[in-house]
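Derivation of every value follows stated rules applied to the coordinates shown; laboratory data play no part. Keep in mind that this is a model prediction, so the values were computed, not measured. As a convention, Cβ positions derive from the backbone with ideal geometry for all residues, glycine included, and neighbour counts pool all protein chains shown.
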Amino acid sequence: MRDIKSTPCQILPITDLPTANELAEWLNRQATQYALAFALAFADDGVIWGRFDGAWKWSGDALAVSPPFRLNTLQQIRLFGADAELFLWRADRNWQGRVIVDGAGETREYLDELQLLWGAKEGEEKNGFVLRRDRGQGLRHTPPLQIANEGKLRIRNYLDYDQDGCVKIIASRLWVDAAKEMTK
């Protein structure tokens, strides 16, 4: 049986979405405000990982396997840390977003799960990123070293009950283990 826990949690829409010219600085401010350490983005041309080190560093700047971070190809991005996640997604030509913050707000039940990353580590770290390759299917991506070393993503699913008492997932976020994040 899975271990259902509870925590105070806020799930809020983002109302101050940036323009294209403001995006880089806005992402930096959000990372600082919510202690967001990593990013996972999906673009038209591939998967882009990020890590925050005073400013966002992108896997495409470190290893050619990853496409560059460009707003015009971006479909969705998740910035995440131990206690929060900011999620932006493209809806037609507009951006939508929400932030989830643990530690404040209404108490919600949640269920944590682990998802294994595709592939095995291959080669050396470069600028804080490392290649993971699945030789069977040829999939490649370049997560930050801390995530690549762990080989999995942590997902927190927030739960609610409908009028019949059936449980449903109302939101999910990526998160990192705070103890492991402190040792990076």
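How high is the relative contact order of the chain? Use alpha-carbon pairs under 8 Å, at least six apart in sequence, and give a whole percent. Numbers along the way, then the final one.
On the way: 394 pairs, mean separation 41.1, N = 184.
In percent, rounded to a whole number, it is 22.
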Problem set entry | Value at 222 nm in deg cm²/dmol, rounded to 500, when DSSP H runs of n ≥ 4 in the chain each add -39,500 (n - 2.57) | -3500 deg cm²/dmol
For this session: Using R₀ = 22 Å, calculate the FRET efficiency as 1/(1 + (r/R₀)^6) where r is the Cβ-Cβ separation of ALA35 and TRP118; round to 0.05.
Result: 0.20
For this session: May I ask for the angle, rounded to the nearest 10°, between helix 23-34 and the longest principal axis of the chain, with both axes built from Cα atoms and the value confined to 0 to 90°?
Result: 50
